[in-house]
Structure formats: C-alpha cells, structure tokens
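Read the structure below first, then the notes.
The values are calculated or read from the model by the stated rules, or taken from the named source; none is laboratory data. Predicted, not measured: the structure shown is a model, and the values here were computed from it. FYI the Cβ positions are ideal-geometry reconstructions off the backbone, even for glycines, and counts take in every protein chain you see. What goes into the accessible areas is simple: the full protein's heavy atoms, side chains included, and nothing from ligands, DNA or RNA. Shrake-Rupley method; radii C 1.70, N 1.55, O 1.52, S 1.80 Å.
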Amino acid sequence: MGETPGVVLAVYAHPDDADVACGGSLARWAKAGGAVHLVVCTDGGKGTFDPGVVPERLAVERAGELQASSALIGLASVDNLGFPDGELSDSDGFRCTLVERVRTLRPEVVCGHDPTAVFFGQDYFNHRDHRIAGAALLDAVAPAAALPHYFPEAGPPHQVSTVLLSGTLEPDEWVDVSDTIETKVAAVECHRTQFAGQDGWAGEAVRSRAAEEGRRAGVAYAEGFRRLALGG
Ligand SMILES: [Zn+2]
C-alpha cells in the first residue's frame, strides 16, 4: 500500500498498542502530510507485574509516555477514552463513542486490532481489551457510522473506505516502513513502563518483527495488516 490517506483514525486498546502495531505506518502517513488521529480506549493502569504499583499513578505515567510517542509519530490528535485497563466491554455506549469519533474526524482509513486473532503460536493469546476494542471498532465503522439511523445523536453519517487490522493472523496488505522504522523504535521506547529492562531490547524486537514482515512484502521493513475495502 503506497498511497497516503488524507485522514487516518487509529483506535487501540492501550497506550502503547498503536506504536507497536502500526507506528511505522502512522509515522509514514503523517510525514507525507496525512492527518493521523489516535483514540486510545483504556488508561493502561493495570499494565504491570508489580503489586506495589498504584494503577491510577501508572495511568498518569503512561499518559505521559503516550504524549511523548505521539509527538514523535506526528499525530494530529490523541484522545484517551480513559476506560479502566482490562475492563472494556462491547457496550452501546462504547460503540456510540467510536461512531462519534469516526463521524467527526471522517477518516478514509481506520486502523485497529483484528478481533478474530486469538492464539499467536503456543505461548501468547490476544488480550481481552484488544479483542473487544477490535470488534467494537468494526461494528462502529460498518454499518453504524455509515447509516443515519444508527446512533443519530453521534453526528452525520460517514463511510470509511478502508480498514486495516493489525495483530492479524491473516495479513494481506503491507505498508513499507523502511523510512520510518527508527521513528517507530523511538516511539515504542517512549513506553518505558512497558518495555524497560534490557537496553535496546524493545528496539531490536521492533526491527526484527518489521524485517520479517518486510521479507514477505519485498522491502527492508514493513507492517502487515488485514485489509477490508468498504463502501463499494
Ligand atoms: Zn494492548
């Protein structure tokens, strides 16, 4: 996928998710003049193994990390809905909020979690918030945002053209992020509460994953997505 969308909306569950999932693509589009907006659904307050950490304080720290990474990526806006980490539910209220964001920002391209991806190999399965955010986003984009009788209070209808789902087991579209891989690395490294520890580990993991996708796409570094073309 080589073209630059004019307006992009990325919707992810936790403060670090967008950078990990598609930070290189978001940075590429922003750099090329696209207006790239991010909605983060939860505050990330439970993202720690340390029982001594206070979730409300972690949430504040992670908001600061998100602000720093968003500046590196070049986001036009970042909005945290502030749901408690791990407690997302696929409610009418949540979907109405997402419909309202879609109808206000009027993106051509929407990025989010693939809710059908559950098991990644034998040692990881997808976070509940990722599955719920992905499913709610799909339902919000189509048919809800496009049809006037869904959530009429949430603004005038808008048809999204393309949905790109990351964290997918069935990628069929790749974005070349060779020019923005180091921006992605720096953005991911902003999330110190999540990727502290061995120096440079996160950066190496990001580069090696993007190189693997790049081999599938025939470029140095890429990010893979499942692409849905909507609205005829
Ligand atoms: Zn997450």
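Could you please let me know if A63 is among the aliphatic types (A, V, I, L, M), part of a helix (DSSP H, G or I), closer than 19 Å to Q194 by Cα and open to solvent by 30 Å² or more (accessible area, probe 1.4 Å)? Steps first, answer last, please.
Values: among the aliphatic types (A, V, I, L, M): yes; part of a helix (DSSP H, G or I): yes; closer than 19 Å to Q194 by Cα: yes; open to solvent by 30 Å² or more (accessible area, probe 1.4 Å): yes.
Considered against the rule, which asks whether it is among the aliphatic types (A, V, I, L, M), part of a helix (DSSP H, G or I), closer than 19 Å to Q194 by Cα and open to solvent by 30 Å² or more (accessible area, probe 1.4 Å), A63 comes out as yes.
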- Message: Looking only at the stretch 216-225, how many residues end up being farther than 16 Å from E170 by Cα and not β-branched (V, I, T)?
- Response: 3
- Message: If I ask for residues that are in contact with a helix residue (DSSP H, G or I) (Cβ under 6 Å, 6 or more places away or on another chain) and in a helix (DSSP H, G or I), which ones from the stretch 200-232 would you list?
- Response: A202, G203, V206, A210
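Rundown of residues vs (1) more than 16 Å from the ligand (Cβ to nearest atom); (2) open to solvent by 30 Å² or more (accessible area, probe 1.4 Å); (3) among the polar types (S, T, N, Q); (4) assigned to a loop (DSSP other than H, G, I, E, B), yes/no style:
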site	(1), (2), (3), (4)
I132	no, no, no, no
Y150	yes, yes, no, yes
V160	yes, no, no, yes
T168	no, no, yes, yes
V175	yes, no, no, no
D179	yes, yes, no, yes
T183	yes, yes, yes, no
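Of the residues K31, K46, only one is farther than 18 Å from G167 by Cβ, surrounded by fewer than 21 Cβ atoms within 10 Å (Cβ to Cβ) and within 16 Å of the ligand (Cβ to nearest atom); which?
Working: K31 fails: within 16 Å of the ligand (Cβ to nearest atom).
Every option except K46 fails the conditions.
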